[in-house]
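Written below as C-alpha cells is the structure these notes are about.
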Amino acid sequence: MEILLYPNPLLRRPVTPVEKFDAQLAEIAREMFGVMYRTRGIGLAAPQVGQAIALLVFNPTGEPTEQDQERVLVNPRLVGKSKSKETAEEGCLSFPGIYGAVTRPVTVVVEAQDLKGERLSLELGDLPARVVQHEMDHLESVLFIDRMAPADRLQNRPLLEELVARWKEENASSQG
Ligand code: CO
C-alpha cells in the first residue's frame, strides 16, 4: 500500500459505502495507519491509497505509540457544524511539501460506523475536527487545494506544477 500523489485521477474517483465489515476491512484500516505513520501524517482517507470506499483513519498525535488516539470512521456523515470558523495551515500526504491556509468550522458532529459496523457519533473540535473534515473531503473527491486561500494556491503553483510534471513522466514511462 502506498500513497497516491496529486494529480493521480484516483484521488477524484467517487467512493462507495462500505457494506461488509469483515477482516479485510480491518486489514485495510490497519495498513492505512501504518502508511500514515511512516509518512508522518495524522489522517488518511481510503482514496489516497487507491481504495474507492468510504473509510478514513486518523490519529491527531501522529504517534504510533498513542494507539488509544486512533480512530477509524466508516461511512462518515457530517451531521452538525459550528458557525464559528477558523483558518489554519493544512498539508496533505498526497501533496508532499505543499501547505496552505484553509478555513473550516471549529467543531463538527460526525456520525459513522466502526470496523464492526457499530454506529458511533463523535463531537470533535479544533485539530481533530479539522483532520476529519479534510479526510471527509477526500471521500467526496474534494482536495484541500480546492479550499485553499487563493494567495496560498498561487504561491504553491510551482510545486503543484512539479507534481503534475512528475506524474506525467511516471505515467508515460509505465506505459512503455
Ligand atoms: Co489529504
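Some observations on this one:
- Within the stretch 107-119, tally of residues that are touching a residue at least 12 places away in the same chain (Cβ under 8 Å) and open to solvent by 30 Å² or more (accessible area, probe 1.4 Å): 6
- Flag if Val35 is touching a residue at least 24 places away in the same chain (Cβ under 8 Å), open to solvent by less than 20 Å² (accessible area, probe 1.4 Å) and within 13 Å of the ligand (Cβ to nearest atom): yes
- Flag for Arg130 being assigned to a helix (DSSP H, G or I) and open to solvent by 90 Å² or more (accessible area, probe 1.4 Å): no
- Extreme residue, surrounded by the most Cβ atoms within 10 Å (Cβ to Cβ), among residues of the stretch 73-89 that are within 23 Å of Gly117 (Cα to Cα) and away from the ligand (no atom under 16 Å from the Cβ): Val74
- Residue match in the stretch 90-100 (condition: within 16 Å of the ligand (Cβ to nearest atom), under 21 Å from Ile28 (Cβ atoms), open to solvent by less than 30 Å² (accessible area, probe 1.4 Å) and touching a residue at least 40 places away in the same chain (Cβ under 8 Å)): yes
- Among the residues of the stretch 24-32, none qualifies, meaning not one is within 16 Å of the ligand (Cβ to nearest atom), assigned to a loop (DSSP other than H, G, I, E, B), open to solvent by less than 60 Å² (accessible area, probe 1.4 Å) and within 28 Å of Lys168 (Cα to Cα).
- Test: residue in the stretch 40-53 that is open to solvent by 10 Å² or more (accessible area, probe 1.4 Å), assigned to a helix (DSSP H, G or I) and at pLDDT 95 or above: yes
- For Glu70, the conditions (1) touching a helix residue (DSSP H, G or I) at 6+ places or on another chain (Cβ under 7 Å); (2) within 16 Å of the ligand (Cβ to nearest atom); (3) closer than 21 Å to Glu2 by Cβ are fulfilled apart from (2).
The values are calculated or read from the model by the stated rules, or taken from the named source; none is laboratory data. All of these numbers come straight from a predicted model, not from anything done at the bench. Here the Cβ is made from the backbone with ideal geometry for all residues, glycine too, and neighbour counts use every protein chain on show. Each accessible area value is taken on the protein alone, full model and side chains, heavy atoms only, with ligands, DNA and RNA left out. Shrake-Rupley method; radii C 1.70, N 1.55, O 1.52, S 1.80 Å.
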